[in-house]
Each structure stands twice: as C-alpha cells, then as structure tokens.
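See structure below.
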Amino acid sequence: MIEHDELAERFEAQRGLLQAVAYRMLGSRSEAEDAVQETWLRLGRTDAGSVDNLTGWLRTVVTRICLDMLRSRTSRREELTEHQVLDQVSEPARGSRPEDEAVLADSVSRALLVVLDTLEPAERVAFVLHDMFAVPFDRIAPIVERTPATTKKLASRARRKVRGTPVIPAEELTRHREVVSAFLSAARAGDLTGILAVLAPDVVRRCDPAALAPGMAAEVRGARAVAEGTVHFARRSQAAELALVDGAVGVVVAPHGQLLFALTFTIEEDRIAAYEVIAGPARLRRLSLAVLAG
C-alpha cells in the first residue's frame, strides 16, 4: 500500500504533464485544472500499488475526463450577444494572471487552440496524444473506443484539418502573409504610420455588428479612416494571431484560446484593399480554419 504522502509526491511529479495534456485537449486553463484535480481524486480512490505504469495511468485517466468534457461541451456553440462578445475580448479570464496567460501562449498558439476546437472529440484526443505527446495508437485506441487502425485514421483526418489547404499558390501566400503580419504588428503597436503603409488608398473595412463598439460604423472607407479605426483595435489585437481562414491568410482573435473574431483580407498589389471582421457565431462556424504553417 502506497502512503498518501508518497502518492501525492508522485502525482505532483506528473502534474505538469497532465496539465499540458488537458490544456491541449480543452483549450481552457481553468477546465484543464479541473480535469487534473479530478484525476487526483480518482487516483485517491484507486489502489495505486496495483498500477504498474503510473504516468501512463494518469495520462489515460485525464484524457478520458477531457474526452467526457469535450463531448458534453455546449457553451462554445451558444449564440453570443454583442455585449458579451465585447466583454470577453476586453476582460481577462476570471482568476487568470498575466504570467499564466504568457506561459500558455508560449506553450501552444491561440490559432492552434482555435483549430483544435473545430475537431470532433475523438479526433482531438487522437491528434493531441499522438502528434503532441507521441503516444502510440494502440494505447490511444481504448480511450476513444476504436481500433488502432481507426484511431490512426482519426489522427490523420485531424492533422489534415489542422494544416488546412491554401487556395492560392505558395509564393502568393508568402507575400500575403508578410502584408497581414505587418498589419497585425502595426495594429498591436498602435502604429498609425505602419498601418497606413500596408493599406490601399481606397481600402474598405467591414465589420459584423457583434464586433462593433458603440458609435462604430459597420463599413469604413479610405486609408486614413480605416487606419485610425484600426488603432483602436490595438488592445484586442494582443489576442490575435495569423491563421489560414478559408484557405487564405487571415487573423483569428482568440483571447484565452476562444475564438471571438476572424479577419479576412483582400490583398491587391501587396496592399490590403479590404478586410472584414467576422464575429457572428453562425458565420464563424462556417469558416474553414487552419494553422498557417511556416
């Protein structure tokens, strides 16, 4: 029989791994912490002395807990009001600390979390465990209740979704990436001159009502007006990252890994001729999102 203090010490030695697995599964720090805590409670109800591979056992248990949470999750599919959307962009997660958010941002990109959230639960489990933690398919299969061969197909399907398929040639994609990256960097810095440098003179910015602050127009035309409006986007742009949106270079705004806005761009002669801020939940669900490689 393993003593409680020894068991707690062995669990604490695995906590970092368990949190990493749970965070990638759930995309939420608080939910990941809940999953890890539940794993500890289940360990306390188990004869740990009979567990040959404690690391593997803990990883399996936390994954099953996460899988159940993914299957029952409905909150991210609900419609958000304009006020709720703006509040979530402006305010940090309850109980979060800046240093915690920085660590999570370094560990996995917001864009990847957004894309992972589009996967089916079993696909997400197979992809995360195999591609991120090198767990063999024969060990993942019992968790998702599939054969190893089918589990391998789940991971492969997830991988294709994560990578996406660009709809423009590679050279053009690279140029567009440079333009949008410069735009995003300037927006983050509140650099009006930098924003103007990548906008076409007659650029148009369109915005869904859910992303509009009081008094903002849904459509703005002209480089100066668009640039000045973009400067006010600076605070929100801290939670923005490049992504592949419908096969082209775009931006996702995802504080704490939760998708709130997506930006699509029309680029002509290496200048932004138009961009649109998509915030309506129904429109966001119709987008094809992938990680922008490179």
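The values are calculated or read from the model by the stated rules, or taken from the named source; none is laboratory data. Since the model is a prediction, treat every value here as computed from it, not as a measurement. Backbone-built Cβ (ideal geometry, glycine too); neighbour counts: all protein chains shown.
Whether any residue in the range 100-120 is at pLDDT 85 or above and of a type in the set (Lys, Arg) is what I want to check. Even if it seems obvious, please write down each step before you answer.
Start the filter on the range 100-120 by keeping residues that are at pLDDT 85 or above, which leaves 109-120.
Add one more test, that the residue is of a type in the set (Lys, Arg), and what stays is 110.
Checked the range 100-120: at least one residue is at pLDDT 85 or above and of a type in the set (Lys, Arg).
So the check is Cβ under 9 Å with 6+ separation or different chains; which pairs have a first residue in the range 46-67 that's closer than 23 Å to ARG146 by Cβ and a second one that's among the polar types (S, T, N, Q) and outside any helix (DSSP H, G or I)?
Pairs found: TRP57/THR46; VAL61/THR46.
Could you tell me whether ASP52 is at pLDDT below 95, of a type outside the set (Ser, Thr, Tyr) and outside any helix (DSSP H, G or I)?
So ASP52 passes the test.
For residues in the range 172-218 being free of Cβ contacts under 8 Å to residues at least 40 places away in the same chain, small (Gly, Ala, Ser) and not in a helix (DSSP H, G or I), which is surrounded by the fewest Cβ atoms within 10 Å (Cβ to Cβ)?
The qualifying residue surrounded by the fewest Cβ atoms within 10 Å (Cβ to Cβ) is GLY215.
Among all residue pairs at least 6 apart or on different chains, which show Cβ distances below 8 Å where the first residue, located in the range 272-287, is free of Cβ contacts under 8 Å to residues at least 12 places away in the same chain and the second is crowded, with 18+ Cβ neighbours inside 10 Å and assigned to a strand (DSSP E or B)?
none
I'm trying to understand the selection: among the residues of the range 224-271, which are of a type in the set (A, V, I, L, M) and in a helix (DSSP H, G or I)?
Matches in the range 224-271: ALA225, VAL226, ALA227, VAL231, ALA234.
Of the residues that make up the range 156-170, is at least one crowded, with 17+ Cβ neighbours inside 10 Å and either closer than 16 Å to VAL277 by Cβ or hydroxyl-bearing (Ser, Thr, Tyr) (or both)?
No, the range 156-170 has no match at all.
Given the options VAL249, VAL204, VAL245, VAL253, name the one that is in contact with a His (Cβ under 7 Å, 6 or more places away or on another chain) and closer than 20 Å to GLY280 by Cα.
Going through VAL249, VAL204, VAL245, VAL253 in turn, just one is in contact with a His (Cβ under 7 Å, 6 or more places away or on another chain) and closer than 20 Å to GLY280 by Cα: VAL249.
Would you be able to say whether some residue in the range 144-155 is outside the structural domain of ASP270 (by TED's automatic domain parsing), under 18 Å from ALA22 (Cα atoms) and either of a type outside the set (Gly, Ala, Ser) or at pLDDT below 95 (or both)?
Checked the range 144-155: at least one residue is outside the structural domain of ASP270 (by TED's automatic domain parsing), under 18 Å from ALA22 (Cα atoms) and either of a type outside the set (Gly, Ala, Ser) or at pLDDT below 95 (or both).
Out of the residues in the range 170-183 meeting the condition of being at pLDDT 95 or above and hydrophobic (A, V, I, L, M, F, W, C), tell me which one is nearest to ALA290 (Cα to Cα).
Only one residue tops the list, namely LEU173.
Quick one: is GLU33 part of a helix (DSSP H, G or I) and modelled with pLDDT of 95 or more?
yes
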